[in-house]
Amino acid sequence: MIKSLIKVAVVIGGFAFAKTDSLAQNTSYWQQHVDYKMEIDMNVNNYQYDGSQELIYTNNSPDTLTQVFYHLYFNAFQPGSEMDVRSRSIADPDPRVGDRISKLTPEEIGFIKVNRLTQDNTKLNYEVAGTVLEVQLAKPILPGAKTTFKMDFTGQVPVQIRRSGRNNKEGVALSMTQWYPKLAEYDFEGWHADPYIGREFHGVWGDFDVKITIDADFILGGTGYVQNGNDVGHGYQDQGASATPKTKRGKYTWHFIAPNVHDFTWAADPNYRHDTVIAEGGVKLHFLYKNNPEIIENWKNLQPKTAEILSFFNKHIGNYPYKQYSVIQGGDGGMEYAMCTLITGERSFGSLVGVTAHEFAHTWFQFLLATNEAKHEWMDEGFTSYISAKAMNKVMDQNRENPFSGSYSGYYRLVESGYEQPLTTHADRYNRNFAYGVAAYAKGAIFLSQLGYIIGEDNLAKTLKKYYTDFAFKHPTPNDIKRTAEKVSGIQLDWYLSDWAQTTNTVDYAIKEVVADGNQTKVTLERKGLMPMPIDLHLVSNNGETTYYVPLRMMRGEKPNSNPSIERKQLEDWPWTNPTYTLTLDMPLSKVKSLTIDPSTLMADTNRENNVWKK
């Protein structure tokens with residue numbers, strides 16, 4: 001099939017991406033576009049705000065649209081909401097939520113109320129269905145056409161429960177995430193107007209122009225670039241650590257511009273400290289944290305580590321394309337947003353660096369690659385967990401031979417529990433939060449680390465870079481990472497994606513028998529689990545060390561020898577249908593000291609006790 005090849009350069013902060021429509025989702029690629037202009041006026045006494053929104057929506061799809069949907073996330077924080085009911089009915093609720101939503105008073109709930117909505121100045125009919133606004137259009141939006149929506153709305157910031165809210169447990173006044181009516185994503189699969197149950201997000205890329213009016217003594221930080229000049233900066237005059245807040249009577253209007261992002265987040269508090277560090281590529285790192293003597297030292301020490309983490313991700317994934325990134329104390333744990341993260345700050349130093357590394361890594365996998373997290377949450381959380389573990393191993397001098405060992409341990413516990421569901425499960429449909437968490441974070445991370453075992457570590461490193469280069473700003477799917485790895489390595493991987501992501505098949509290989517055969521030794525390996533894998537069998541003998549490499553026939557290729565210091569002998573392919581495989585060692589049994597299947601421990605073998613034979 002001949003596909004058109006249309007390239008559109010997107011340049012942000014000196015970093016260019018070529019949008020090639022033949023790359024993603026196995027079809028001519030397109031994506032919708034949004035331009036938001038918003039103004040809000042915040043009342044910090046009752047935590048309510050009035051907002052106006054002008055949204056120019058460009059329909060780049062081949063479809064004619066007769067309806068649109070908005071997310072009204074704050075409506076989740078009301079008794080009887082879908083998030084509330086799910087939290088009270090699931091076997092293992094998130095302790096941050098539990099039954100707290102059901103007990104909120106009218107003054108404590110969250111809401112977004114749409115007061116008026118027009119399309120090209122024509123009033124629209126709409127219906128609120130929980131956290132989703134269902135809108136019937138006055139006129140269809142034709143392919144290639146633009147339309148302008150204007151909305152007036154009122155919001156109330158809920159008591160801090162999950163991600164968003166006021167007055168979190170560390171005393172941060174406002175964690176403003178998912179705070180505005182946000183147009184749902186429409187892509188090659190159709191509309192993604194998922195209710196907000198408490199999982200992750202999916203959004204449309206566009207440009208944001210946001211004005212926030214709030215009491216003048218509040219210090220703000222978040223997505224985008226402040227337009228008011230250096231006398232404002234991120235809250236006050238940008239003089240680094242020596243700066244002191246400027247307190248003004250009345251209110252002040254902050255003006256932010258955020259190009260090519262798919263969300264807009266901010267946080268505010270009158271007692272934020274504000275530090276800046278210039279990192280690699282001239283990126284300005286902002287740190288906003290409470291003026292609490294007990295945490296200041298950790299937050300100061302965090303700053304050079306964050307610069308190191310940025311350099312690590314630039315090197316191992318691709319260059320960060322924006323001019324700023326903000327690490328902000330707020331929220332209820334750690335959560336990624338465009339150009340910023342909100343994290344709780346009263347942590348040990350190691351935990352503070354760890355959560356920053358993880359949330360910063362999301363910038364690449366959630367905000368620049370941005371898979372649909374409701375359907376492929378493991379590609380975001382898992383890939384983020386993988387690369388942040390590597391970063392921590394380097395930046396914090398952990399020197400772990402397998403920095404992903406925690407992910408493997410969690411995965412093995414999930415398998416033993418009997419609660420595992422395939423990675424293709426919708427994020428909201430897991431029977432237990434435990435099963436979701438391990439699947440998304442641990443099994444998703446193992447997808448990459450185990451892929452390195454299959455195709456070789458060097459090929460995996462090249463795969464991640466090519467994946468980023470080819471699919472940044474394109475909402476890639478699981479097939480896209482698989483095809484990227486195939487193109488880099490020359491190895492066929494459909495079997496790997498199918499078994500690991502679409503089933504709960506497990507890997508279990510064993511050394512079944514080691515017997516003398518004259519002056520030779522016969523070794524029989526057994527596939528006990530249903531999921532097939534290539535095998536590295538490590539031999540230690542009186543003559544030294546040797547690796548026997550047994551490719552899986554379905555791979556239609558072989559990985560390179562990643563350790564040339566150890567002799568490697570490549571053997572015949574192993575067809576997955578055959579439960580056993582026998583090889584012959586050209587030495588008597590008396591010289592064999594030990595045999596080990598996969599000494600790297602990167603293959604997710606659920607029973608490693610049968611992987612080792614010793615004399």
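The values are calculated or read from the model by the stated rules, or taken from the named source; none is laboratory data. All figures in this text were calculated on a predicted structure; none of them were measured in a lab. Ideal geometry is used to build each Cβ from the backbone, glycine not excepted, and the neighbour counts take in all protein chains shown. Surface accessibility is based on the protein's heavy atoms, side chains included, excluding ligands, DNA and RNA. Shrake-Rupley method; radii C 1.70, N 1.55, O 1.52, S 1.80 Å.
What to note about this one:
- Per DSSP, loop GluC sites (Glu not before Pro) in the stretch 155-208 with at most 14 further Cβ within 10 Å: Glu189
- FRET efficiency estimate (nearest 0.05) - Cβ-Cβ, Ala91 to Asn314, R0 45 angstrom: 0.60
- The distance from the alpha carbon centre of the stretch 30-85 to that of the stretch 492-547 is 52 Å, rounded to a whole number.
- Relative contact order of the chain, pairs being alpha-carbon contacts under 8 Å that are 6 or more residues apart, as %: 10 percent
- Rounded tilt (10° steps) of 349-362 against the dominant C-alpha axis of the chain: 80 degrees
- The H on the amide N of Asn607, modeled in the peptide plane, is under 5 Å from the matching H of Tyr509, each at least 5 residues off or on a different chain.
- If R0 equals 35 Å, the separation of the Cβ atoms of Leu571 and Ser417 corresponds to a calculated FRET efficiency of about 0.45.
- Under-5 Å amide H pairs with Glu185, H placed in peptide plane, nonlocal only: His192
- Whole-percent carbon and sulfur share, accessible surface of the chain, 1.4 Å: 46 percent
- Estimated distance in nm for a label pair at Asp99 and Glu401, the labels positioned 7 Å out from Cα along Cα-to-Cβ: 4.9 nm
- Rounded to 10°, Cα long-axis angle of helix 457-471 versus longest principal axis of the chain: 30 degrees
- Neighbourhood net charge (12 Å Cβ-Cβ; Lys/Arg +1, Asp/Glu -1) for Asn459: +1
- Residues whose amide H comes within less than 5 Å of that of Asp269, counting only those at least five positions distant or on another chain, are Ile219 (H built at 1.01 Å from N in the peptide plane).
- Over the chain, accessible surface divided per residue gives 39 Å², non-protein components excluded, 1.4 Å probe.
- Tilt relative to the chain, helix 478-489 - C-alpha long axis, 0 to 90 degrees, to 10: 50 degrees
- Shown here for the stretch 131-186: trypsin sites (Lys or Arg not before Pro) in loop regions (DSSP other than H, G, I, E, B) with at most 13 other Cβ atoms within 10 Å, namely Lys169.
- 16 Å reach of a label modelled at Thr66, 7 Å along Cα-to-Cβ, counting backbone N of the stretch 173-209: 191
- Two-decimal ratio, the chain, of alpha-carbon radius of gyration to 2.2 N^0.38 Å: 1.05
- Gap separating the Cα centres of the stretch 163-217 and the stretch 354-393, nearest whole Å: 19 Å
- Cα-Cα over 30 Å, subset of Lys323/Lys394; Lys528/Lys559; Lys146/Lys284: Lys146/Lys284
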